[in-house]
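Below is one structure; the comments refer to it alone.
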Amino acid sequence: MKRDLQGMAGRTHDLAVVGGGIYGACVAREAARRGLTVGLLEGRDFGHATSANSLRVVHGGLRYLQHGDLRRMRDSIRERRTLLDLAPHLVAPLPFAIPVYGHGPRGKAAHAAALAIADLVGLGLNGSDDPGRRIPRGRVVSRAELLRLAPGLPAVGVTGGALWHDAQVRSSERLLIAFLESACRAGARLANHAEVVGYLREGRRVSGVVARDQLTGDEVEIPARIVVNAAGPWADAALRPLADLAAEPRFLTSKGFNLLTRQILPDRELGIPGPARFRDRDAWVHKGRRLFFIVPWRGYSLLGTRHLPYDGSPEGFRITRGDVRLFLDEVAEAYPPATLDERDVLAVYGGLLPRSPGSPPDGEVELLKRSRVIDHGREDGVPGLISLVGTKWTTARAVAERAVRLAAERLGRPAGSHAPGPPLPGGDVSPFGEWLASKRASRPAAAPEDALVHLLANHGSGYAEVLRLAAEDPSLAEPLREGSPVIGAEVVHAVRMEAAMRLDDVVSRRTELALGGAPGDRALESCAALMARELNWDAARTGRELEHARDALRRRLPWGDESPPGNRRREGSPAPGQHMAQAM
């Protein structure tokens, strides 16, 4: 996967995709697989915003039963199965539990019926040739069993529990890179740090984009028969240069965030009713509370998702210290064993999500329920332009497929197959458990055990490319951070093969140096030195990259310029890097 902005310049593409988050990546892959020529442009780095800040859960859509929306549930179940098949090294089943109350819509009978309906709706979509990637049937359990699984849960009114499986993503950053690599292998050209600043026009028709290289300042014209706006929270900003386009917003923002903390529950996701009342206007069945989730992940816990109003620009988005304190208090009230303070918060993952048009900007947030694919030729009289407003990771590929089919129709081209295709790069490892065990048993002597497991889980069958670099230069087999399995070869591989152009690209999205907290100056400087050697940075450029990376890390935490409290490790919490080599 190479950054190829100059290769796009002046060359007419079938599709120019604006935005390199998960929706843009999936559009590029689906289009390239169907034989369309594709150029994808991302103004910052691939997946730098909301796509990298999820709860890492692939939902099967059980909650859609509240709306009677069986079609959306089956779509989610199908895409959950697809992700398990496309990337078995990065996606695995995750057990899930919630308490049930009384004998009404929150009771055991109602949940037993819901789980049975989910099994019927997902008929034929929960099996797998890989035993470790099958989704078991859901069931209800007794009050005693639920309280054993969730010790300390307030027991008042609890009559039992509902247990089922969804799926979990080990690394959303690595999964996004795998989609982009798949697009490249199918013929797409990609460029990060290439901001779309204008459009080419033929009358009212959009006929391409003008992109500014953020690394050099150069501008290039990229002709395209169709432009797909997949810029996420920047969707409206991306349309702003088109003065003849209707001005109403397409992406109404709200902010959502998740917290990475010390581990609370080790072996299953727990859903707990939050303390605040919530009413979904479109639901047939009202549960009265929005669920919060405590998710075991990589030896830590993820708490989420808290949704709050936001009516500013994407550039001004920030999760504040007050936001984090509010959520910690709410989680502690809902589940007393999760009594956390700021010292337990190791990272904050936040992003802007689309809210429903009927959701007030200053009240309880109601999210947009269905992704939108907008044909601006039909709706605004501006042909050659399609916008995509996505709602969640789980169904990004399916929504991208809708957008590509629309584009193919406008181009007069065959839409191609609905089949999701072969595994993503690195994903030809099924059954994953057997593959992992065989590779660990044949570990090269030069590869540390924790580093090997880490590479096998993050890169799948592509792990050997990274190890080859370490074999050629043994210094690259050394870890970059104490207690971390991340080795120097990953940095070099990210630059050469994954279009990493800035230090923060590597620290935050190509490797896991920043997992569990800021990596520290020594790790940053070691990483910067390797990148400087690869990209011919001088001392001044290296210094700027270090400062930019430090600033990016500070801005992703709510503590401002202070040292993040989570970096002052509490007794009993994992050391930096501890558990990071744990394979799924």
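The values are calculated or read from the model by the stated rules, or taken from the named source; none is laboratory data. Bear in mind that the values here come from a model prediction, so they are computed numbers and not experimental data. All Cβ positions, glycine included, derive from the backbone under ideal geometry; neighbour counts span all protein chains shown. Each accessible area value is taken on the protein alone, full model and side chains, heavy atoms only, with ligands, DNA and RNA left out. Shrake-Rupley method; radii C 1.70, N 1.55, O 1.52, S 1.80 Å.
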Q. Can you list the helices (runs of 4 or more DSSP H) found entirely within segment 352-460 that contain at least 2 residues being over 21 Å from the mean Cα position of the chain (by Cα) and within 30 Å of Arg72 (Cβ to Cβ)?
A. 376-380, 396-411
Q: Give the residue that is modelled with the highest pLDDT, with candidates limited to residues of segment 559-584 that are farther than 29 Å from Val91 by Cα and open to solvent by less than 30 Å² (accessible area, probe 1.4 Å).
A: Trp559
Q.
Can you tell me which residue is most open to solvent (accessible area, probe 1.4 Å) among those in segment 362-381 that are closer than 17 Å to Arg71 by Cβ and of a type in the set (D, E, K, R)?
A. Arg370
(Q) Anything in segment 515-554 that is surrounded by 23 or more Cβ atoms within 10 Å (Cβ to Cβ), of a type in the set (Gly, Ala, Ser) and modelled with pLDDT under 95? List them, or say none. (A) Gly516, Ala518
Q) Gly127 is checked against (1) within 16 Å of Leu163 (Cβ to Cβ); (2) under 31 Å from the mean Cα position of the chain (by Cα); (3) surrounded by fewer than 18 Cβ atoms within 10 Å (Cβ to Cβ) and fails just one. What number does that condition carry? A) (1)
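For segment 505-547, which positions are farther than 21 Å from Asp4 by Cβ and among the acidic types (Asp, Glu)?
Initially, segment 505-547 is screened for residues farther than 21 Å from Asp4 by Cβ, giving 507-508, 511-530, 532-533, 538-547.
Hits for segment 505-547 are Glu512, Asp521, Glu525, Asp538, Glu545, Glu547.
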Q. Across segment 20-36, what is the total count of residues that are touching a Gly at 6+ places or on another chain (Cβ under 6 Å) and not in a helix (DSSP H, G or I)?
A. 2
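Against the condition open to solvent by less than 10 Å² (accessible area, probe 1.4 Å), closer than 23 Å to Phe317 by Cβ, of a type in the set (Gly, Ala, Ser) and in contact with a Leu (Cβ under 9 Å, 6 or more places away or on another chain), how does Ser359 come out, does it pass?
Details: open to solvent by less than 10 Å² (accessible area, probe 1.4 Å): yes; closer than 23 Å to Phe317 by Cβ: yes; of a type in the set (Gly, Ala, Ser): yes; in contact with a Leu (Cβ under 9 Å, 6 or more places away or on another chain): yes.
So Ser359 fits the description; yes.
With Gly426, Gly416, Gly384 as the choices, which residue is within 20 Å of Ala470 (Cβ to Cβ) and either of a type outside the set (Asp, Glu) or open to solvent by 40 Å² or more (accessible area, probe 1.4 Å) (or both)? Lay out the reasoning, then the answer.
Details: Gly416 fails: within 20 Å of Ala470 (Cβ to Cβ); Gly384 fails: within 20 Å of Ala470 (Cβ to Cβ).
That would be Gly426, the only listed residue that is within 20 Å of Ala470 (Cβ to Cβ) and either of a type outside the set (Asp, Glu) or open to solvent by 40 Å² or more (accessible area, probe 1.4 Å) (or both).
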Q. In segment 387-413, which residues are open to solvent by less than 10 Å² (accessible area, probe 1.4 Å), of a type in the set (Gly, Ala, Ser) and closer than 25 Å to Thr253 by Cβ?
A. Ser387, Ala396, Ala400, Ala403
Q) Any residue in segment 2-18 that is crowded, with 23+ Cβ neighbours inside 10 Å and part of a loop (DSSP other than H, G, I, E, B)? A) no
Q) If Glu465 passes every condition in (1) open to solvent by less than 40 Å² (accessible area, probe 1.4 Å); (2) at pLDDT 95 or above but one, which one does it miss? A) (1)
